[in-house]
Every structure is written in C-alpha cells, then in structure tokens.
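Contents: one structure, followed by commentary.
The values are calculated or read from the model by the stated rules, or taken from the named source; none is laboratory data. As the structure is a computational prediction, the values presented were derived from the model and not from experiment. Cβ coordinates were reconstructed from backbone atoms using ideal geometry, including for glycine residues, and neighbour counts include every protein chain displayed. With ligands, DNA and RNA removed, areas are computed over all heavy atoms of the protein, side chains included. Shrake-Rupley method; radii C 1.70, N 1.55, O 1.52, S 1.80 Å.
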Amino acid sequence: MHSKVIIIGSGPSGHTAAIYAARANLEPVLFEGMMAGGVAPGGQLTTTTEVENFPGFPSGITGSELTDKFREQSERFGTQIITETITRVDLSSRPFKLWREDADGDSDEPDTCDSLIVATGATAKRLNIAGEDKYWQRGMSACAVCDGAAPLFRNKPLVVIGGGDSACEEATFLTKYASHVYIAVRRDAFRASNIMAKRAMNHPKITVLWNTHVIEAKGDGKVLTHVVLQDAKTKETRNLDVSGLFYAIGHTPNTAFLNGQLPTDETGYLLVKPGTSLTDVKGVFAAGDVHDKRYRQAITAAGSGCMAALDAEKYLEELEAEAQEKASKL
C-alpha cells in the first residue's frame, strides 16, 4: 500500500496530524498500533483517568473518552486507521518503507509513503512493584501535572518516587494540592540539579526519605491507602499512609523501531530543527512526546501534530512542483 503520508502513533499528536492532513486532501494513513510501547491505541492519555486541562471540556473528560473523540474526528475527515504496529522502517531511499508487526520478514511487502510523521510518544517508566496493576490510576500515576489536581489527591499525603529534577519538580507541583508530599530517593543524595534539590528540601510541605525503596502499593481494594517502604541499607520495612503515588523516574521515547535512522539526543528523543517538526531526513517529521521531553502534555502534543501535518503538506507540494518541473523539461 502506498500513501502520500503515513502517521505512526495514535495519541493527540498523531490524530491532530491526521485531521490536518485529511482536511488538506492528503488521504493520510494512521497506524495506531496494537499495544505499541506497552499501551493501548491512544497512547499515554489512555492511562489517565480525568483530564481537566484540555480546552473544550469544562467539566473534564476521561483520557479514554478524549482519545476516542480524537479517533472519531480523524475518521470523519477520511483518515484510514490501521490497528497494527509498525516494527521496522527504511528511510534510506524514497518512497519510505514500513513493515507491520505480522509482516516483518524479508520477503514481506512493505507499506510505502512519500512522507512520514513519527508520533509514537514516550512511555513512562514504571517499577512494577507489588500492587501496581491493581492500583494504577486508582492512586498511582506517572504524571503529576496531569493527575495531581484530581479530587483523589487533594489535601491528602502523597509520595513521589525519584531522585532527579523531574521528581523534585513534580513534588513541588503537588504541594499545591497535597497536605504533604514525600519524595522516596533510593540513595542518600539527589541526582537533581542543586537548585531543584534545594527547592524541594527547603519546602515546608516536602519530606525527603533518603535510602528508601517503595516496594508495594496497598489499598482498600478500590483506591490506594498506603505504601510499604524498605530501607535500602537495613532492609527494614514500614508502612506510609498516602493517597497517591507518583512515578518520576523518566520516560522511554518509542524510537527503537527506527533503528538509529534518525538522530536522537542522549536519552533517545528525536531531534528536530528548532521551531519545526523537521528531522534530519527530508520528508520525515516528528510530533509529540517522541521529541518533546520537556512539556509532555496532550495540548502541546496536539499542537506539534498540527505543525507536522503542515510541514508535511508543504514538503509534498514541493515534491509535486519538482516533478512537474522535470516533466515540463522532457
């Protein structure tokens, strides 16, 4: 199957790119994946319960409902959505080649496209502690900015796991809503920058738990009520009453399938020309959290999806103009 533009990814960036591309009559094809990156089609947003900071929904909306609306709007304008995962690409020549998960052999015919938008996102790292599956999004989260203001966490004690800038920043953010915030750090010092570490340690509503592992999440069967802590040195355990546990141990950008064909930073995030969605490969564009490790919000991802679609449209127009110019010289 050949397409003018193929979009890999189904979060807010992918679907926004699809909506813009479809309205430009580019007939986009979107591969939404089948548990790609370990999450359902729709991306990280599907792991968020209540979304209250996306414009247009004054009463809030669940992450799953919002992604369903993205999908519905994409299809309305003519996007072809395929629920399969792209596992391999070849960007060395044009048209670009893409292989699906169930057709990834050397003899399998690839899908091809003139332009490609990579919107595969980044998956939050998790520790897979005991009780995590039971209490995920029932007191456990990997995004304080997304979930911290939820009624479940207001005026309640919370714990953040991590020792870097993200942990300090998210703990400080959570103090706006929590009665108190603990930061569980597995070592005896922060990895965070001095300014972020001092800000956290000097905050009256933050207590740092040094040399501490969170080894289990426990609750009443409905929501999280406490966690089990283990001292990294003595191995002694104790309970800590909290209503929320937030992971702040980083994200893994979903770029492995590119096999190094696009430049990334030291942590694997795609690099783009500042202020655009352009990668180092002409005709390949990046959108959303796969290149944005700073904001990681649904609204910023949607905006970058728009940018990628507009950049792709301009690129395709240039391709067509070049082809017409060559044809006129024959």
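Some observations on this one:
- Residue-averaged [θ]222 nm for the chain, counting only DSSP H segments that reach four residues, each worth -39500 (n - 2.57): -8000 deg cm²/dmol
- Stokes-Einstein, applied to the Kirkwood radius of the chain over Cα pairs at a viscosity of 1.306 mPa s and 10 °C, places its translational diffusion at 75 µm² s⁻¹.
- Our coupling estimate for region 249-259, obtained by passing each phi through the Karplus curve with A = 6.51, B = -1.76, C = 1.60 and θ = phi - 60°, is 10, x, 10, 10, x, 8, 10, 4, 5, 7, 6 Hz, Gly and Pro reported as x.
- Cross-link table Lys134/Lys233; Lys176/Lys205; Lys273/Lys314, entries beyond 20 Å C-alpha to C-alpha: Lys134/Lys233
- Measuring r between the beta carbons of Glu72 and Glu109 and using R0 = 25 Å, the FRET efficiency lands at 0.25.
- Full extension of the chain between Thr62 and Arg88 yields a length gain of 6.1 nm, computed as 0.36 nm times the residue separation minus the alpha carbon distance.
- Once you divide the Cα radius of gyration of region 63-154 by 2.2 N^0.38 Å, the number left is 1.53.
- Sulfur and carbon atoms: percent of accessible area, the chain [1.4 Å]: 49 percent
- If you plug the beta carbon distance of Ala327 and Met1 into 1/(1 + (r/R0)^6) with R0 = 25 Å, you get a FRET efficiency near 0.50.
- Taking only the alpha carbons of region 205-326, we obtain Rg and Dmax values of 22.6, 75 Å in that order.
- Rg to Rh quotient for region 1-135, alpha carbon positions, Kirkwood Rh: 1.02
- Heavy-atom surface of the chain, accessible at 1.4 Å and reported per residue (Å²): 49 Å²
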